[in-house]
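Colleague: Structure incoming, see below.
We did not get these values from a lab; they are worked out from the coordinates using the rules stated. As the structure is a computational prediction, the values presented were derived from the model and not from experiment. Cβ sites come from the backbone with ideal geometry, for glycine too, and all protein chains shown count toward neighbours.
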Amino acid sequence: MGTAPYGVRLLVGAAATAIEETRKLPQTILTYPMTVASQAANLVMHVQQNLAELVVKGDETLEQLFPPKEEQPEWATFDEDLESDLDDDTADDSQATDGERRTEGRFALYSTGEPESAPSSNGKATAASDPAVAPAIAGELGYDTLTLAQLRARLTSLKVADLEALLAYEEAGRARAPFVTLLANRITRATAK
């Protein structure tokens, strides 16, 4: 067979391509909205990048024309601006608090809860919570040495009466807010069951 003229080959190729595209049309129609959305998002991102580049170039040009002034507002103070000479009393106070173990607030979770000494009426130091009035469950658990996390782990095995005894003991003794709240919430949950 001889070679067909160029125009005929062009028309046959166009017709074959049209037929192939017609067969792909159902699939193309389904993917077309996603394709358009993807292309639109791509276009928007390119526009944003171009705008950002222009803004950066504008900033650089303005800094060259009008150099920024190194000013610090009067109200702004930084550590390196402060004088390093401290009074001896201030240094002693800060060293004393750094070494002490914190048992209040957010640190109560990890504190041992050891009772602090407080002067009694006769002048001798006694424990803040008198072990003589401690309920039996407090002795069994070693309550005075438990951290908040350790107490939380043991609460599920206790009866409501034991929980109430521990709550009364805590309120009468050190009255640590995290411990009181934990015990009160556990009592509420246990009685609601």
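Colleague: As an exercise, use a Förster radius of 22 Å and the Cβ-Cβ distance of A184 and T145 to find the FRET efficiency, rounded to the nearest 0.05.
Modeller: After rounding, the FRET efficiency stands at 0.55.
Colleague: How do R154, R174, R23 line up, fewest other C-beta atoms within 10 Å first?
Modeller: R23, R154, R174
Colleague: Ranked from highest to lowest mean number of other Cβ atoms within 10 Å per residue, what is the order of the peptides 160-169, 138-147?
Modeller: 160-169, 138-147
Colleague: Tell me the label-point distance for the pair A172, L11, using the 7 Å Cα-to-Cβ offset, in nm and rounded to one decimal.
Modeller: Distance between the two pseudo-spin positions: 11.1 nm.
Colleague: Also, I was wondering about something else. Sort E171, E21 by Cβ crowding within 10 Å, fewest neighbours at the top.
Modeller: Sorted ascending by nearby Cβ count, the order is E21, E171.
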